[in-house]
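The values are calculated or read from the model by the stated rules, or taken from the named source; none is laboratory data. Remember, it's a predicted structure, so these values are computed and weren't measured experimentally. As a convention, Cβ positions derive from the backbone with ideal geometry for all residues, glycine included, and neighbour counts pool all protein chains shown.
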Amino acid sequence: MPSRHHDIADDLRHQITTGRIKPGERLRSEAGLADRYKVSTVTLRSALAVLQGEGLVEKIHGKGNFVRRPLRKIMYVGGWGTLDPWTAAEAALMVTVRSTTVQADGHLTTLLKVPTGSSLAEFFCVSHEGESPHGLARIYIPRDLAPAGVFDDESSYQEAVTRFAVLGPPPAAVRETVSARPPTSDEASTLRTSTAAAVLAITRVATDSTGRVIEAALLVFPGDRADAVFTIHHVTDERQAQG
């Protein structure tokens, strides 16, 4: 037999899908909804959690619960190209970038193959359309490879970072590991998604012709807001082609 919180979720879902409650509209306060449905706030929050998990409702800290506007998907292009925010839409995504210098430790020493304490340039990027976030990236490169003035002049790297691309010359090889997993609490907060909803996590490591790692990027996209496309080009040996 359906529980009370599922009955409430069904009723709210019907109001949302039929347009009675419109996209972007703020729901009544949790106390007000609990009073309306004659249930405790605990039961009411369980109902809202169902809708949040379905992507119909999002809770914005300090503001309340809102009906989520339909979100268009973005395309992650695997290999050298990375995030392309201009696919399948007329409006470009905006990207905020925060840069700093960090010391390598833990998994960063493994990813970049550098000693503990090595100086790295870190770029924390969040792509968003209006107030809706679409993805985040933490990009790391050895500090000595950071372009001159990169921490002083945002325009010198904004376009490259906007596409989540490496800041240096094209690499000789790019290795990407893709997985679906629950988001961390920080990722869920930044991307405004449920901790129960899967995210697409991509770890990209680029190396030069000597095998040195020139970039390591940790990319995270909500599973309902991104598609990933990977294209493999087969190289034909000219001698075989002529034979």
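Observations on the structure shown:
- Scanning segment 9-41 for residues that are of a type in the set (Val, Ile, Thr) and either part of a loop (DSSP other than H, G, I, E, B) or under 21 Å from ALA197 (Cα atoms) (or both) yields ILE16, THR17, THR18, ILE21, VAL39.
- For segment 210-239, residues that are in a loop (DSSP other than H, G, I, E, B) and at pLDDT 90 or above total 3.
- Qualifying residues in segment 164-191 (those that are crowded, with 17+ Cβ neighbours inside 10 Å and at pLDDT below 85) - the one farthest from GLY78 (Cα to Cα): LEU167
- If you go through segment 124-163 and keep only what is among the basic types (Lys, Arg) and modelled with pLDDT of 75 or more, you end up with ARG138, ARG143.
- Looking across segment 97-114 at every residue that is part of a loop (DSSP other than H, G, I, E, B) and small (Gly, Ala, Ser), the one that is surrounded by the fewest Cβ atoms within 10 Å (Cβ to Cβ) is identified as GLY106.
- Criterion: farther than 27 Å from GLU129 by Cβ and either surrounded by 12 or more Cβ atoms within 10 Å (Cβ to Cβ) or not charged (D, E, K, R) (or both) - qualifying residue of VAL50, VAL57, VAL42, VAL77: VAL42
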